[in-house]
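Take a look at the structure set out below.
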Amino acid sequence: MQNRVVMLADFDYFFAQCEELRNPVLKDKPVVVGVYSGRTEISGAVSTSNYVARKHGVKSGMPLFLAIRKLEGTEAVFLPVDHEYYEQISDRIMQIFRSYAGSMEQVSVDEAYLDVTEHVQGSFERAQDYAKEIKTEVRKQVGISFTIGVGPNKLIAKIACDSQKPDGLTIITPDEVGCFLSPLPVDRLLGVGKKISAKMDSMGIKTIDDLAKVDIQRLIAVFGKSLGLYFHNAARGIDDEPVQETGEAESIGRMGTLKEDTRDISVIMAKILEQIEDIYEEFTAKNMSYRLVGISAVMTDLSGKSRSKTLDKPAKDKETIHKGAQELFEKYLAETELPIRRVGVRIGSFVKEEPRQKQLTSFFQTS
Ligand code: TTP
Ligand code: CA
């Protein structure tokens, strides 16, 4: 089987770079984009900053007053986040990516996976020129720089991308995967957060190579079957997850911005109900049933999540969408502490209605 060639593109210091784009005089100054909580003039946190500000020790998530202190005596510029504007820029870049990829999966406002296997005929050498071409085109059309990681799968593309920023291009061929991963700390793997890396540390696992040497049964015993298996494979650079086309799959959905960020389920569901009306109209024209109800949420910090459930049996009514979406939002709100900024709902996995007779037979067969 032919190698896959997968890229991860991650826009450099994205919100701050967008601000530089519309006001180029900012380029040589420290630029801090922050979320102002409004309590006092300087209460809030840093969303991101350009590399000039980073040199002074400014980091994402840092309280604004601390960033102000670190930048004292400089010509630092502090700006509030302008999500709408960043989303517009992001959409334009994603559009360009689509024309370069066999399939594209947008993971956040500033990251997307591109499967370019066909375009480079499976060659990593060609991938190098191809990546440069994409960078040049986006710079020309939009004026934004970004970093690309290239590998035989999403896992490697992501780690390659993180290894050299900004304006980086890191290519890891299938032959290089082992040497590339071995010395890296385990927390470079997706899914290894603070808690898991502390657990691994207590087991004497510090590097990805250490992890690769642990018996698979032990990993399963400690982390459970699916996570244990994932770590076993990830430590070997194995990842079969496809680059999944987002937004173009067979589904009908709507997405919209709430009047203000909230965690109030009744406010969220009021917006969702409007969207369901829209969706339902489009759906009835299809004369089919749906088996999947899904929701999406974009949080105050612009991180996005999707959740979906497959129904026990296909449905055609509006109420099932409402009930399913409400259940998914309730579950999701319990998992996060952030207020929600944008919400969406969708239905999918459409099936043609079964003829009456067939329904009867299947009823008898299952009873
Ligand atoms: P990142 O890709 O993590 O950061 P970045 O693009 O600013 O910088 P880098 O060059 O290292 O890729 O996040 C993307 C955007 O998400 C970022 O521009 C602002 C936002 N963000 C926050 O609002 N809060 C945070 O804590 C982080 C990490 C990011
Ligand atoms: Ca980024």
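Which number in (1) touching a Cys at 6+ places or on another chain (Cβ under 7 Å); (2) more than 25 Å from Gln106 (Cα to Cα) marks the one condition that Ile42 misses?
Just one mismatch for Ile42, condition (1).
Does Val46 satisfy the criteria of being among the hydrophobic types (A, V, I, L, M, F, W, C), in contact (Cβ under 8 Å) with a residue 60 or more places away in the chain and part of a strand (DSSP E or B)? Steps first, answer last, please.
On the way: among the hydrophobic types (A, V, I, L, M, F, W, C): yes; in contact (Cβ under 8 Å) with a residue 60 or more places away in the chain: no; part of a strand (DSSP E or B): yes.
Answer is no for this residue.
So which of Thr300, Thr246, Thr284 ends up being within 16 Å of ligand 1 (Cβ to nearest atom) and at pLDDT below 95?
Numbers: Thr246 fails: within 16 Å of ligand 1 (Cβ to nearest atom); Thr284 fails: within 16 Å of ligand 1 (Cβ to nearest atom).
So the residue among Thr300, Thr246, Thr284 that is within 16 Å of ligand 1 (Cβ to nearest atom) and at pLDDT below 95 is Thr300.
Hey, could you check the range 4-47 for residues that are of a type in the set (S, T, N, Q) and more than 24 Å from the chain's Cα centre (by Cα) and say which is modelled with the highest pLDDT? So that I can check it myself, show each step before the final result.
Of the range 4-47, the ones of a type in the set (S, T, N, Q) are 17, 23, 37, 40, 43, 47.
Next, from what is left, pick out any that are more than 24 Å from the chain's Cα centre (by Cα): 23, 37, 40, 43.
Details: Asn23: 97, Ser37: 78, Thr40: 78, Ser43: 85.
Looking at residues that are of a type in the set (S, T, N, Q) and more than 24 Å from the chain's Cα centre (by Cα), I get Asn23.
Answer yes or no as to whether Thr136 is among the hydroxyl-bearing types (Ser, Thr, Tyr) and within 30 Å of Gly178 (Cα to Cα). Don't jump to the end; show me each part of the working.
Working: among the hydroxyl-bearing types (Ser, Thr, Tyr): yes; within 30 Å of Gly178 (Cα to Cα): no.
Answer is no for this residue.
Conditions (1) touching a Pro at 6+ places or on another chain (Cβ under 9 Å); (2) free of Cβ contacts under 8 Å to residues at least 60 places away in the same chain; (3) away from ligand 1 (no atom under 16 Å from the Cβ), marked per residue:
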residue	(1), (2), (3)
Ile96	no, yes, yes
Asp110	no, no, no
Arg126	no, yes, yes
Thr136	no, yes, yes
Thr147	yes, no, no
Gln164	no, yes, no
Leu169	no, yes, no
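Within the range 1-28, take every residue that is more than 15 Å from ligand 1 (Cβ to nearest atom) and of a type in the set (S, T, N, Q) and give me the one that is farthest from Lys135 (Cα to Cα).
That would be Gln2.
Hey, could you check the range 1-28 for residues that are free of Cβ contacts under 8 Å to residues at least 60 places away in the same chain and outside any helix (DSSP H, G or I) and say which is surrounded by the fewest Cβ atoms within 10 Å (Cβ to Cβ)?
Among residues in the range 1-28 that are free of Cβ contacts under 8 Å to residues at least 60 places away in the same chain and outside any helix (DSSP H, G or I), the one surrounded by the fewest Cβ atoms within 10 Å (Cβ to Cβ) is Met1.
Conditions tested, residue by residue: (1) touching a helix residue (DSSP H, G or I) at 6+ places or on another chain (Cβ under 8 Å); (2) farther than 14 Å from Thr170 by Cβ.
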position	(1), (2)
Gln106	yes, yes
His119	yes, yes
Ser123	no, yes
Gln128	no, no
Thr136	no, yes
Val142	yes, yes
Val150	yes, no
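Every residue in the range 279-309 that is farther than 17 Å from Phe350 by Cα and more than 16 Å from ligand 2 (Cβ to nearest atom), please. Quick ask: steps written out before the conclusion?
So in the range 279-309, the residues farther than 17 Å from Phe350 by Cα come out as 296-307.
Answer for the range 279-309, where residues must be farther than 17 Å from Phe350 by Cα and more than 16 Å from ligand 2 (Cβ to nearest atom): Ser296, Ala297, Val298, Met299, Thr300, Lys305, Ser306, Arg307.
The values are calculated or read from the model by the stated rules, or taken from the named source; none is laboratory data. Note that this is a predicted model, so its numbers are computed, not measured. Cβ sites come from the backbone with ideal geometry, for glycine too, and all protein chains shown count toward neighbours.
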